[in-house]
């Protein structure tokens, strides 16, 4: 008992205050999540995005411009979350890795444990996920509303948003496209020899390092080139099955004549061409995001001295999964958008384009960490 009697009361208070400060983070998260969820259920987010759209329409007087600007404004709204995410990037990556390694039955326990202990990165992870989900569901719901042909209810607009005059302007979106006017077809023997040459080149490139690695492994510059070289081959190999199928279709229908045209999409109606463009956009965005994620993971694995062979196997496996998910997502997008007006396509494509150009736009607004700090 004497060893405990020497413990100062102020020290006990510090320990007790620290323990009590942790649940406050959880309580703060719970209050925000409850408030946002109630706001969403009561139609608050729906009213917000409807008012945002018609507020932009009042300024632009063009429906298609307003749809695009909704995506731009939302990117600015969520910029603070991206800044916070960049600050806790390492902690979030550690949590996601730990969650991925945990069996499904224990993931909820691990997640709940981190939240109740007041882990700020995990609390932010939860809040960010909920807010993004609510935002995208709300935006999608707004553009499913038939406010083009039927007047929007004043209940959906804030009092300071001017009520729009009907009919709405700019409901037709014009975009450049092309039309194939002529094609040629290669015979099957030519296609066979073409792919034989492709496989021979691919195997030859993989064998080059086998003969040279004994002479170049100690050169760090050559080693970096070799890592990029192997990663490129793995990336190509992950897509080779799909490339084979698409190449057969292409080589049997090689375009030789094109014509530039302007296509028009009535945003109040479904448009098949727009649906196909959206599906391709979803596929490209999904595979691009997957590749960037796996590339960063491979770089991090290399820093932690993971063998190149293991990195190559994992990278190829995950790229195959990424490709599969991209195809499934594109197929789902094609099926869903065929049931919706093309204003939804324009909204989705806006978010895709904003994501792809974010490294040279919104990402430049995120403060960089000082060198050497985590």
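Regarding residue 230, is this residue crowded, with 17+ Cβ neighbours inside 10 Å, farther than 27 Å from residue 65 by Cα and at pLDDT below 80? Spelling it out, residue 230 is indeed crowded, with 17+ Cβ neighbours inside 10 Å, farther than 27 Å from residue 65 by Cα and at pLDDT below 80.
Of the residues 350, 322, which is crowded, with 19+ Cβ neighbours inside 10 Å, at pLDDT below 85 and closer than 17 Å to residue 286 by Cβ? Please lay out each step first, then the result.
Working: 350 fails: at pLDDT below 85.
Of the residues listed, the single one that is crowded, with 19+ Cβ neighbours inside 10 Å, at pLDDT below 85 and closer than 17 Å to residue 286 by Cβ is 322.
Got a number for residues in region 125-146 being part of a loop (DSSP other than H, G, I, E, B) and farther than 15 Å from residue 351 by Cα?
Of the residues in region 125-146, the ones part of a loop (DSSP other than H, G, I, E, B) are 143-146.
Within this subset, residues satisfying the condition of being farther than 15 Å from residue 351 by Cα are 144-146.
Residues in region 125-146 being part of a loop (DSSP other than H, G, I, E, B) and farther than 15 Å from residue 351 by Cα: 3 in total.
Here's the yes/no breakdown for (1) under 30 Å from residue 277 (Cα atoms); (2) crowded, with 16+ Cβ neighbours inside 10 Å; (3) within 34 Å of the chain's Cα centre (by Cα):
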| position | (1), (2), (3) |
| --- | --- |
| 127 | no, yes, yes |
| 135 | yes, yes, yes |
| 138 | yes, yes, yes |
| 146 | yes, no, yes |
| 155 | no, no, yes |
| 168 | yes, yes, yes |
| 179 | yes, no, yes |
| 196 | no, no, no |
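Can you name every residue in region 171-189 that is in contact with a helix residue (DSSP H, G or I) (Cβ under 8 Å, 6 or more places away or on another chain) and either under 30 Å from residue 346 (Cα atoms) or free of Cβ contacts under 8 Å to residues at least 60 places away in the same chain (or both)? Before the answer, list the steps.
Keep residues of region 171-189 that are in contact with a helix residue (DSSP H, G or I) (Cβ under 8 Å, 6 or more places away or on another chain), which gives 171-173, 177, 185-186.
Scanning region 171-189 gives 171, 172, 173, 177.
For residue 331, the stated conditions hold: it is surrounded by fewer than 19 Cβ atoms within 10 Å (Cβ to Cβ), without any contact (Cβ under 8 Å) to a residue 60 or more places away in the chain and out of contact with any strand residue (DSSP E or B) (no Cβ under 7 Å at 6 or more places or on another chain).
Among the residues in region 334-346, are any without any contact (Cβ under 8 Å) to a residue 12 or more places away in the chain, more than 16 Å from the chain's Cα centre (by Cα) and over 21 Å from residue 175 (Cβ atoms)? Walk me through it before giving the result.
If we filter region 334-346 for residues that are without any contact (Cβ under 8 Å) to a residue 12 or more places away in the chain, which is where we start, we get 335-336.
So of that shortlist, the ones also more than 16 Å from the chain's Cα centre (by Cα) come out as 335-336.
Cutting the leftovers down to over 21 Å from residue 175 (Cβ atoms) gives us 335.
Yes: region 334-346 contains one or more residues that are without any contact (Cβ under 8 Å) to a residue 12 or more places away in the chain, more than 16 Å from the chain's Cα centre (by Cα) and over 21 Å from residue 175 (Cβ atoms).
State whether the residues of region 33-43 include one that is surrounded by fewer than 17 Cβ atoms within 10 Å (Cβ to Cβ), modelled with pLDDT under 80 and assigned to a helix (DSSP H, G or I). Yes: region 33-43 contains one or more residues that are surrounded by fewer than 17 Cβ atoms within 10 Å (Cβ to Cβ), modelled with pLDDT under 80 and assigned to a helix (DSSP H, G or I).
The values are calculated or read from the model by the stated rules, or taken from the named source; none is laboratory data. This structure is a prediction, so every number in the text was calculated from the model and none was measured. Every residue, glycine as well, gets a Cβ built from its backbone with ideal geometry; the counts of neighbours run over all protein chains shown.
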